[in-house]
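The next block holds one structure in the form of structure tokens; read it before the comments.
The values are calculated or read from the model by the stated rules, or taken from the named source; none is laboratory data. These figures come from a predicted structure and were not determined experimentally. Note that each Cβ is placed from the backbone with ideal geometry, even for glycine, and that neighbours are counted across all protein chains shown.
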Amino acid sequence: MQAFIEQLAADNQYQPTRLLQILRAIQAHYHYIPETAIEQLAVLLQIPRTQIIGVIEFYSFFHLTPRGQYELLISDSITDHMLGKKPLMTYLAEKLQVSVGGVRADDVVSLDNTSCTGLCDQGPAGLINGLALSQLDYQRIDTICQLINSQTPLAAWPAELFLVDDNIQKTGLLLNAHITNGEAIKAAYQRGLAATLEEIDRSGLKGRGGAGFKTAMKWKFCAEEASSERYVICNADEGEPGTFKDRVLLNRYADQVFEGMTVAAAIIGAKQGFLYLRGEYLFLYEPLQAILQRRRSKGLLGRYILGAELHFDIEIHLGAGAYICGEESALIESLEGHMGIPRNRPPYPVTQGYLGKPTVVNNVETFFAAASIAVNGGDWFASMGTEKSRGSKILSICGDCQRSGIYEYPFGTSIQTILDDCGAEDVLGVQVGGPSGTFIANHEFDRRLAFEDLATGGSFIIFNNSRDILDIVHNFSHFFAHESCGFCTPCRVGTSLLKKQIDKIVDGHGSAGDVVALEELCQLVKNYSHCGLGQTAANPILTTLERYPEVYQSRLKKISYEPGFDLDAALDIARTMAKRNDSAAHLAQIGEDHD
Amino acid sequence: MTKFISIDGKKIPFQEGQTIMQAATAADVYIPHLCHHPDFTPHGSCKLCTVKVNGRNCSACTFPASEGQDVLNNTQELIEDRKKITQMLFAEGNHFCPSCEKTGNCQLQAVAYHLNMLDTHFPLFYPHRNLDASHPSVLIDHNRCIFCTLCVRASQQQDGKNVFAIAGRGINKHLVVNAESGLLKDTDLAATDRAAHICPTGALLIKHTGYQVPIGQRAYDHQQIDQFSLNTEHHHEQ
């Protein structure tokens, strides 16, 4: 082991910023991070062991105790559940003889849930040693169990298990505008870099991650900071449940995304870029490396790009299972080799970002669009959309519809149009923008896709009338409690309290005061949390409570107070100890006998 | 020329680079806080010091003061919400004041009194947390840790060591110490370190000193935390 770790550290130039990449390699090799590896790394990277332990415990894909040689994770997104995940998981656990969350006694396999893997249009989905498994059904699970039990190396597994479809259903302005490699960089230099920034400004392009900050302004602020070093970061930590458009952009149009980053680098004066790729998209890592290599060999990356005074290269960093790293300052922390905890702002990344230097962080789709705008000009883009939301938006559509996949629409398109296109019928509502977004009911489908109405980073989940609102809210509340980084009190404690309170109502222990208490708690978490995660974690409850108060009420018992647990069941131990089971040893739940 | 912000309608002078908390403390205005200490880099995690700056919630300990800010601090809404945030801290850990040696000297308890907290409001989590009594002169009771990181910062910034860190995610966050064994006795912590004395709760206690100051004669027994805090922290800010 010692030689392995030593070599790994050397391959990563003993850089503490590479900590996640190093730990990923150790986890892949040993299926956990052994204590001796931590001790050795602390010395080699010259960082405290507590930083390494902190990072291991923070990211879902790292473990301090051994997992199976086959680490099997099944996506726990609401869309996987809608596709029958729960019975599949039960079947899988039984078939493999391993508990969910556990490791089989022979150490061959471990099984657990994981947050949305970004395969919502082809679920139920999973990960085996980090690689995506799609369209799981009983037949595929039988195959997988057989391959695991025969300990067949992953490389020999049938390729069809790992097939990931792009499912591009509807192209628009951006997906139709093919640009050739180098075209955007050439156009930017021909027009002049300042004039190109003006074109991006004129295009009205706003950040496609969902927050909607004007891209040109971000680049300008960054360029204006006095500094010798600047960085360009592409945020491909697409973790919002129901979102998968960045996966498709990187699978099919990676060159254009890298080209957008290169144009940004030219404009702000950056020499180094990073693609922060979510760990769930490990299967894209090698193909993307090959594309970067090809771009280097063609003079599109490296020194004197296309003969210009432009020196820029891109490094790919993989995440390790943490939704919070989609928040730009948490992402930067993660890139630096730390836990993904959002920073205090100000200062903003444009002034103090990666390693304290001015940094532009944009979404995959933003760079993709910027490259096209550099070629086609600002007016081309601005001619589409609404006054406040220019251009088009790429959506990941999934849930109850006939044709899930990727759709591109001009901003301003009505929800009804989108539902018609993807073949959604008998619709109860749509979750626009993922759990952190808004749930809209079926009388609101004339609302529009736009920053000023329904903003979305791309997630669009459709629910038909057979779905239960509280199942959805239950799933989302558990998701946020699992993904809260724990930095601030309102989110750390609040998301767990929200989870408990929803469980209480769903389990039938709620009473009149509980919905009021729930709403109060929602406001507290929303108003006082440190970052976007906490500020939006209560949205699933708030947006459904507003629309379907009767659904919540219907689960409440008609008494003024109801204990949050089963009173009689709690007496079980006492009964066993007293060897009693007569009627006097049982308690009715308060008030159940009378209304 | 002196610059000013307004806190609850009162003109408060500040110097460029000061946070709202620093300006407030210097002007004898108390803003409740737990993770903030004037000697160390502000952290902004407990959120008790949340104030409304021009209508927006901000952490006073990290947010820079700037000319013309209209800050609300002592409003009924903020006091109520700070109380709930304090209740969250009580619900999350295991805080049994009557049996805790820190009672009367505990900032968490004192802030709760100051905010007129009469119950924990939220269902208690009753987490299973351990003690580390391995060190000859310092005890860790994880039941009372509120993850303020003051010991982490004091150890790094004043003691020049790196004894403590917070590991884990979300509700599973916990204090870890820098020793291969994971035990405090194997770290280079000394009882005289600032880090051993900085804990706002009873999570870090100095051994062999228990109850030497009788209950009734402790820091917050005769003075509310607002006055005590201004008296002790004011000079730090100068």
Output the residues belonging to segment A:267-295 that are surrounded by 23 or more Cβ atoms within 10 Å (Cβ to Cβ), closer than 18 Å to A:LEU306 by Cβ and either of a type in the set (Phe, Trp, Tyr) or out of contact with any strand residue (DSSP E or B) (no Cβ under 7 Å at 6 or more places or on another chain) (or both).
-> A:ILE267
Determine, yes or no, whether A:PHE487 is buried (at least 22 other Cβ atoms within 10 Å of the Cβ) and out of contact with any helix residue (DSSP H, G or I) (no Cβ under 7 Å at 6 or more places or on another chain).
-> yes
Could you check, for segment A:229-244, whether at least one of its residues is part of a helix (DSSP H, G or I), of a type outside the set (Gly, Ala, Ser) and closer than 26 Å to A:LYS388 by Cβ?
-> no
Taking A:GLN169 as the residue in question, decide whether it is at pLDDT 95 or above and under 30 Å from A:THR143 (Cβ atoms).
-> yes
Would a scan of segment B:48-59 turn up a residue that is under 16 Å from B:PHE147 (Cα atoms), under 13 Å from the mean Cα position of the chain (by Cα) and buried (at least 20 other Cβ atoms within 10 Å of the Cβ)?
-> yes
Residue that is farthest from the other protein chains (Cβ to nearest Cβ), among those in segment A:488-521 that are among the β-branched types (Val, Ile, Thr) and under 15 Å from B:PHE125 (Cα atoms) = A:THR495
Which residue out of B:GLY182, B:GLY216, B:GLY170, B:GLY202 is within 10 Å of chain A (Cβ to nearest Cβ) and closer than 24 Å to B:PHE90 by Cα?
-> B:GLY170
Do the conditions hold for A:SER496, that is, is it touching a Gly at 6+ places or on another chain (Cβ under 7 Å), more than 23 Å from A:ILE440 (Cα to Cα) and of a type in the set (Ser, Thr, Tyr)?
-> no
Within segment A:73-92, identify whether any single residue is in contact with a Ser or Thr (Cβ under 6 Å, 6 or more places away or on another chain) and away from chain B (no Cβ under 14 Å), and answer yes or no.
-> yes
Could you run through segment B:20-37 and say how many residues are closer than 22 Å to B:LEU89 by Cβ and surrounded by fewer than 24 Cβ atoms within 10 Å (Cβ to Cβ)?
-> 2
Those residues that are part of a helix (DSSP H, G or I), surrounded by 11 or more Cβ atoms within 10 Å (Cβ to Cβ) and at pLDDT 90 or above, I need them from segment A:546-571; list them, please.
-> A:GLU546, A:ARG547, A:PRO549, A:VAL551, A:TYR552, A:GLN553
Do you know which residues across segment A:457-497 are within 15 Å of the chain's Cα centre (by Cα) and farther than 18 Å from A:ILE541 by Cα?
-> A:GLY457, A:GLY458, A:CYS485
Within segment B:38-74, how many residues are at pLDDT 95 or above and assigned to a loop (DSSP other than H, G, I, E, B)?
-> 24
For segment A:55-74, pairs from a residue that is free of Cβ contacts under 8 Å to residues at least 40 places away in the same chain to a residue that is among the hydroxyl-bearing types (Ser, Thr, Tyr) and surrounded by fewer than 23 Cβ atoms within 10 Å (Cβ to Cβ), with Cβ under 8 Å and 6 or more apart or across chains, are A:HIS63/A:TYR32; A:LEU64/A:TYR32; A:THR65/A:TYR32
Mind listing whichever residues of segment B:142-161 are part of a loop (DSSP other than H, G, I, E, B) and in contact (Cβ under 8 Å) with a residue 24 or more places away in the chain?
-> B:CYS145, B:ILE146, B:PHE147, B:CYS148, B:THR149, B:GLN158, B:ASP159, B:LYS161
Is segment A:229-239 home to any residue that is outside the structural domain of A:SER459 (by TED's automatic domain parsing), surrounded by fewer than 19 Cβ atoms within 10 Å (Cβ to Cβ) and more than 17 Å from A:ALA369 (Cα to Cα)?
-> yes
Residue match in segment B:167-185 (condition: of a type in the set (A, V, I, L, M) and within 21 Å of B:THR232 (Cα to Cα)) = no
Within segment A:452-460, is there a residue that is among the polar types (S, T, N, Q), within 30 Å of B:LEU34 (Cβ to Cβ) and either crowded, with 24+ Cβ neighbours inside 10 Å or within 14 Å of chain B (Cβ to nearest Cβ) (or both)?
-> no
